[in-house]
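Undergrad: First the structure, which I've put down as structure tokens, then a few questions once you've had a look.
The values are calculated or read from the model by the stated rules, or taken from the named source; none is laboratory data. Note that the structure is predicted; figures quoted are calculated from it, not measured. All Cβ positions, glycine included, derive from the backbone under ideal geometry; neighbour counts span all protein chains shown. Quick note on the areas: whole protein, heavy atoms, side chains included, nothing else; ligands and nucleic acids left out. Shrake-Rupley method; radii C 1.70, N 1.55, O 1.52, S 1.80 Å.
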Number of protein chains: 2
Amino acid sequence: MSVQERKERERAGRERLILATARELAEQQGWDAVTTRRLAERIEYSQPVLYSHFRGKREIIGAVALEGAAEMAAALRAAARAADGPRARVTALARAYLDFAARNPAVYDAMFQLDGGLAFAKEDTPEPLKDAFAALLESLGEVAGDGVPPGLFTEVFWAALHGLATLTRAGRLPPEDAERRTRLLVDRLAMV
Amino acid sequence: MSVQERKERERAGRERLILATARELAEQQGWDAVTTRRLAERIEYSQPVLYSHFRGKREIIGAVALEGAAEMAAALRAAARAADGPRARVTALARAYLDFAARNPAVYDAMFQLDGGLAFAKEDTPEPLKDAFAALLESLGEVAGDGVPPGLFTEVFWAALHGLATLTRAGRLPPEDAERRTRLLVDRLAMV
DNA sequence: CTCGATTGTCTAGCAGTGCTAGGGTCGAAT
DNA sequence: ATTCGACCCTAGCACTGCTAGACAATCGAG
């Protein structure tokens, strides 16, 4: 028994190593630099080993995305918890979201920009993704305003944050005005 | 003289053919399907011919993006012109933007999602891109609200539209609520 | 009208990609 | 001690973007 358990532990450890390495490489040089050969070399195994853990590169991206979703959900809840009052909570939430995207561009790409083979807005959406949306909903629901479904409001607010995050990082928006844009967004969208 | 002019005309025509073919292929099967071989085969030339017109695939994407930007600017202006009053103009603008993104997903990707090697928010930003932003600014500037710079307001509104467009198309947002989300966005952001 | 030169195009090939088939090796169970 | 099976690696496939060099067609000069 114990030998089998040891093997499973080692396997799980190697899987974590793969994901951590892929993520590190992606953050350093972008996802284009994450090739199966390079990744295999860094973990000091041959390429086929990757395919005994994941169906392919897409699934590796998807796994990193799920990791990221869990982290983001935690970051959002922490920021919301540290703020007093609905309005301050929303501001903190928005800053935390944009901050996460800016600090973890590769992970953010894995979550929303690249094809990680993940389902969305469906029954079989992975739990971490639903939970990240839930983390937004918790703070945004209370400022949706009368007659506006919290879910709908959260979708719109989320879309705005996503747009700011991607356009800023792609160099489409000047970075220096980020804070003013955030304040404008919160001022207008959040009903006190 | 005339022979040289004829050659230039033919060259320009072939360049248009390349772009139209690339765009068509991308809309039909996605940009991943636009390989230099397939593209060359469709225009009935060999691959190196592509490189006598463009530096590489990236530049082809960039050229399609510029085409798209010009079309989008025209569509936005047409929609704004057909509406009466600032508020109706903004609503029409938002619908036109999202409609363009939904109807021309590959072109929209070329403009904002893929790397077309284009500069943004800088001095050397290509004219069509600046003009598309200007088309937004024309209608959005009048509803920015007191004390809010029109440019900043336009950036935020644009980011929100971009977020809605990309998340909807990626299956992250349920398509059936698109109109309600648009109305909510306009209601909150536009100062009458 | 002929003959170099220039222009244009194609064939063939390079290095790199994601992914997989097959053979060996090494450890575990009998 | 021996068999067996899990594990991993080498080698290779079909594809990618891109380019060098050979070849043919066209042009301008004599």
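Residues checked against (1) assigned to a loop (DSSP other than H, G, I, E, B); (2) within 11 Å of chain B (Cβ to nearest Cβ); (3) open to solvent by 20 Å² or more (accessible area, probe 1.4 Å):
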| residue | (1), (2), (3) |
| --- | --- |
| A:89 | no, no, yes |
| A:129 | no, yes, no |
| A:146 | yes, no, yes |
| A:191 | yes, yes, yes |
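Undergrad: Search segment B:40-55 for residues being more than 12 Å from DNA strand C (Cβ to nearest atom) and within 22 Å of residue B:8 (Cβ to Cβ), and hand back the single one that is surrounded by the most Cβ atoms within 10 Å (Cβ to Cβ).
TA: Ranking the qualifying residues of segment B:40-55, first place goes to B:54.
Undergrad: Can residue B:156 be described as facing chain A (nearest Cβ under 10 Å), not hydroxyl-bearing (Ser, Thr, Tyr) and not in a helix (DSSP H, G or I)?
TA: In short, no.
Undergrad: Test each condition in (1) within 11 Å of chain B (Cβ to nearest Cβ); (2) assigned to a helix (DSSP H, G or I); (3) touching a Lys or Arg at 6+ places or on another chain (Cβ under 9 Å) for residue A:185 and report the one that comes out false.
TA: Answer for residue A:185: the failing condition is (3).
Undergrad: So is residue A:98 within 12 Å of another protein chain (Cβ to nearest Cβ), open to solvent by 30 Å² or more (accessible area, probe 1.4 Å), under 27 Å from residue A:190 (Cα atoms) and in a helix (DSSP H, G or I) or not?
TA: yes
Undergrad: Another question about this same structure. Would you be able to say whether some residue in segment B:89-98 is over 18 Å from residue B:136 (Cβ atoms) and either within 16 Å of DNA strand D (Cβ to nearest atom) or charged (D, E, K, R) (or both)?
TA: Scanning segment B:89-98 turns up no residue that is over 18 Å from residue B:136 (Cβ atoms) and either within 16 Å of DNA strand D (Cβ to nearest atom) or charged (D, E, K, R) (or both).
Undergrad: Right, here's the next one. Being touching a helix residue (DSSP H, G or I) at 6+ places or on another chain (Cβ under 6 Å) and within 30 Å of residue B:99 (Cβ to Cβ) narrows it down to one of B:63, B:40, B:74, B:82, so name that one.
TA: Criteria check complete, one pass: B:63.
Undergrad: Could you check how many residues of segment B:16-33 are surrounded by fewer than 16 Cβ atoms within 10 Å (Cβ to Cβ) and without any contact (Cβ under 8 Å) to a residue 60 or more places away in the chain?
TA: 8
Undergrad: Six or more apart or on different chains, Cβ atoms under 6 Å: show the pairs whose first residue is in segment A:128-144 and at negative phi and whose second is hydroxyl-bearing (Ser, Thr, Tyr) and open to solvent by less than 30 Å² (accessible area, probe 1.4 Å).
TA: A:136/A:154; A:137/A:154; A:140/A:154
Undergrad: Right, here's the next one. Considering only segment B:1-15, state which residues are modelled with pLDDT under 80 and either among the small types (Gly, Ala, Ser) or open to solvent by less than 60 Å² (accessible area, probe 1.4 Å) (or both).
TA: B:2
Undergrad: Taking the criterion of being facing chain A (nearest Cβ under 10 Å), within 30 Å of residue A:150 (Cβ to Cβ) and open to solvent by less than 10 Å² (accessible area, probe 1.4 Å), would at least one residue in segment B:101-109 satisfy it?
TA: No, that holds for no residue.
Undergrad: A further question follows. Going through segment B:75-119 one residue at a time, which ones are farther than 27 Å from residue A:108 by Cβ and in contact (Cβ under 8 Å) with a residue 60 or more places away in the chain?
TA: B:76, B:77, B:86, B:87, B:90, B:91, B:95
Undergrad: Checking residue A:122 against (1) free of Cβ contacts under 8 Å to residues at least 40 places away in the same chain; (2) part of a helix (DSSP H, G or I); (3) of a type in the set (Lys, Arg), which single condition isn't satisfied?
TA: (2)
Undergrad: Here's another thing I want to ask about it. Check B:61, B:18 and return the single one that is part of a helix (DSSP H, G or I), within 16 Å of DNA strand C (Cβ to nearest atom) and either within 14 Å of chain A (Cβ to nearest Cβ) or at negative phi (or both).
TA: Of B:61, B:18, the one residue that is part of a helix (DSSP H, G or I), within 16 Å of DNA strand C (Cβ to nearest atom) and either within 14 Å of chain A (Cβ to nearest Cβ) or at negative phi (or both) is B:18.
Undergrad: Also, quick follow-up: Just to be sure before I move on: is residue B:74 in a helix (DSSP H, G or I), open to solvent by 20 Å² or more (accessible area, probe 1.4 Å) and under 29 Å from residue B:92 (Cα atoms) in the structure I sent?
TA: yes
Undergrad: Quick test for you: out of A:56, A:147, A:116, A:62, pick the one residue that is within 24 Å of residue B:94 (Cα to Cα) and of a type in the set (Gly, Ala, Ser).
TA: From the options A:56, A:147, A:116, A:62, the qualifying one is A:147.
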